[in-house]
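The values are calculated or read from the model by the stated rules, or taken from the named source; none is laboratory data. Values in this document were obtained by computation on a predicted structure and should not be read as measured data. Here Cβ is always computed from backbone atoms with ideal geometry, including for glycine, and neighbour counts include all displayed protein chains.
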Amino acid sequence: MTSSRSIKSLILVIVFLPAAGYAKLPKPEKLPADSVFLVGEELYREGRFRKAVAYLNHFVLNYPVKAKVALAQYHLADSYYRLKRFQEASVEYEFLYKQFPNSPFAEEAQLKAAQATFEISEPYYREQHLTLDSRRMAEDFLTRYPNSEFSSQARDLLARIENKLARKELEAAKLYFKFKEYEAAIMMLEYTVGTYPLASKVNAEINYYLALSKARFGEEEEAQAILEELLENPKWSKKAQKALDRLAKDK
């Protein structure tokens, strides 16, 4: 049976929650469990994620055996994500799918943990520890849930990851090209094409420098074939045509 304190607290929630800015809301520690959950959920629905975090976090920490704790944990993680506090979001999503593997939120939580980890990953020119972690998490997700409704999002994430990893390799290859180490540039660029097939955003640039490197290295026919394919790419067609014109002139 609901206690008189719970009833009073629920009345407080009903009265104060619609108030502008929720300024008069009681602190979570002043409310019983059901009221803390109710306030947190309402704040979440209203998009008041910063305030929602305080109530949802209090609920999951202090009432871990409550029936609705998985839902509160999911909305806590999502609140952090929407606030762009990706470090906290990643931790909370991971906690959710590991501690509540049978909840209806576990599947999405595993993918969101990978997405949040990618958001805090290193710039492409640094060591890619977190980027590689996010790739492993996304690949694990697709292995565990091959028919998931979130599969397309996981593949999109993998494409973003591969573009970032391929960019790192591409920039290194461009340095080899700059210093006229064409054979080394070719090896790195061919490795990159083979290793990151999903890297569509940098694929054309990789092939462009591969063609230039091959042309300088004396593999003109292969260079020409690559440049002719690039003519179909609107962004790279002009550069490809200029390179083809130079190649024809040098023959």
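Gly194 - would you say it is under 25 Å from Thr131 (Cα atoms), exposed (fewer than 12 other Cβ atoms within 10 Å of the Cβ) and either touching a Gly at 6+ places or on another chain (Cβ under 6 Å) or not hydroxyl-bearing (Ser, Thr, Tyr) (or both)? In short, yes.
Looking only at residues in region 29-80 that are of a type in the set (Phe, Trp, Tyr) and farther than 18 Å from Gln99 by Cβ, which one is nearest to the chain's Cα centre (by Cα)? Can you show your working first?
Filtering region 29-80 down to residues of a type in the set (Phe, Trp, Tyr) leaves 37, 44, 49, 55, 59, 63, 74, 80.
In the following step, the residues that additionally are farther than 18 Å from Gln99 by Cβ were identified as 44, 49, 55.
Working: Tyr44: 22, Phe49: 20, Tyr55: 26 Å.
Here the answer is Phe49.
Applying the condition of being in contact with a Leu (Cβ under 8 Å, 6 or more places away or on another chain) and part of a loop (DSSP other than H, G, I, E, B) to region 174-217 and asking which residue is farthest from Lys235 (Cα to Cα) yields Tyr196.
Quick one: in region 134-150, of everything that is under 17 Å from Ser121 (Cα atoms) and basic (Lys, Arg), which residue is surrounded by the most Cβ atoms within 10 Å (Cβ to Cβ)?
Our first condition is that a residue be under 17 Å from Ser121 (Cα atoms); within region 134-150, this holds for 134-139.
The next check asks that each one be basic (Lys, Arg); those that pass are 135-136.
Values: Arg135: 22, Arg136: 13.
In this case the residue turns out to be Arg135.
Going by what's in this entry, would Glu94 be described as among the charged types (D, E, K, R), surrounded by fewer than 19 Cβ atoms within 10 Å (Cβ to Cβ), part of a helix (DSSP H, G or I) and modelled with pLDDT of 95 or more? Spelling it out, it is not the case that Glu94 is among the charged types (D, E, K, R), surrounded by fewer than 19 Cβ atoms within 10 Å (Cβ to Cβ), part of a helix (DSSP H, G or I) and modelled with pLDDT of 95 or more.
Condition check ((1) more than 13 Å from the chain's Cα centre (by Cα); (2) crowded, with 17+ Cβ neighbours inside 10 Å; (3) on the phi > 0 side of the Ramachandran plot) across all residues:
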| position | (1), (2), (3) |
| --- | --- |
| Arg85 | no, yes, no |
| Glu88 | yes, yes, no |
| Gln99 | yes, no, no |
| Lys112 | no, yes, no |
| Gln115 | no, yes, no |
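Look at Glu46 and say whether it is of a type outside the set (A, V, I, L, M, F, W, C), surrounded by 12 or more Cβ atoms within 10 Å (Cβ to Cβ), at pLDDT 95 or above and out of contact with any Leu (no Cβ under 8 Å at 6 or more places or on another chain). So Glu46 fits the description; yes. All of (1) touching a helix residue (DSSP H, G or I) at 6+ places or on another chain (Cβ under 9 Å); (2) without any contact (Cβ under 8 Å) to a residue 40 or more places away in the chain; (3) outside any helix (DSSP H, G or I) hold for Pro146 with one exception: (1). Scanning region 218-234 for residues that are closer than 23 Å to Arg160 by Cα and in a helix (DSSP H, G or I) yields a single hit, Leu230.
Do we have any residue at all in region 119-129 that's surrounded by fewer than 23 Cβ atoms within 10 Å (Cβ to Cβ), of a type in the set (A, V, I, L, M) and under 12 Å from the mean Cα position of the chain (by Cα)? Can you show your working first?
At the first step, the residues of region 119-129 found to be surrounded by fewer than 23 Cβ atoms within 10 Å (Cβ to Cβ) are 119-129.
Then drop every residue that is not of a type in the set (A, V, I, L, M), which leaves 120.
Now restrict to residues that are under 12 Å from the mean Cα position of the chain (by Cα): 120.
Within region 119-129, one or more residues are surrounded by fewer than 23 Cβ atoms within 10 Å (Cβ to Cβ), of a type in the set (A, V, I, L, M) and under 12 Å from the mean Cα position of the chain (by Cα).
Within region 49-64, track down each residue that is in contact (Cβ under 8 Å) with a residue 24 or more places away in the chain and either among the β-branched types (Val, Ile, Thr) or surrounded by 24 or more Cβ atoms within 10 Å (Cβ to Cβ) (or both). Hits for region 49-64 are Ala52, Val53, Tyr55, Phe59. Out of curiosity, is Lys51 over 30 Å from Ile161 (Cβ atoms) and at pLDDT below 95? It is false that Lys51 is over 30 Å from Ile161 (Cβ atoms) and at pLDDT below 95.
Contact map, region 151-167: residues that are without any contact (Cβ under 8 Å) to a residue 12 or more places away in the chain and over 14 Å from Pro123 (Cβ atoms) paired with residues that are in a helix (DSSP H, G or I) and of a type in the set (A, V, I, L, M), Cβ distance under 7 Å, separation 6+ or inter-chain. Pairs shown: Ser151/Leu142. Contact map, region 85-111: residues that are farther than 23 Å from Val65 by Cβ paired with residues that are of a type in the set (Asp, Glu), Cβ distance under 6 Å, separation 6+ or inter-chain. Pairs shown: Phe86/Glu119.
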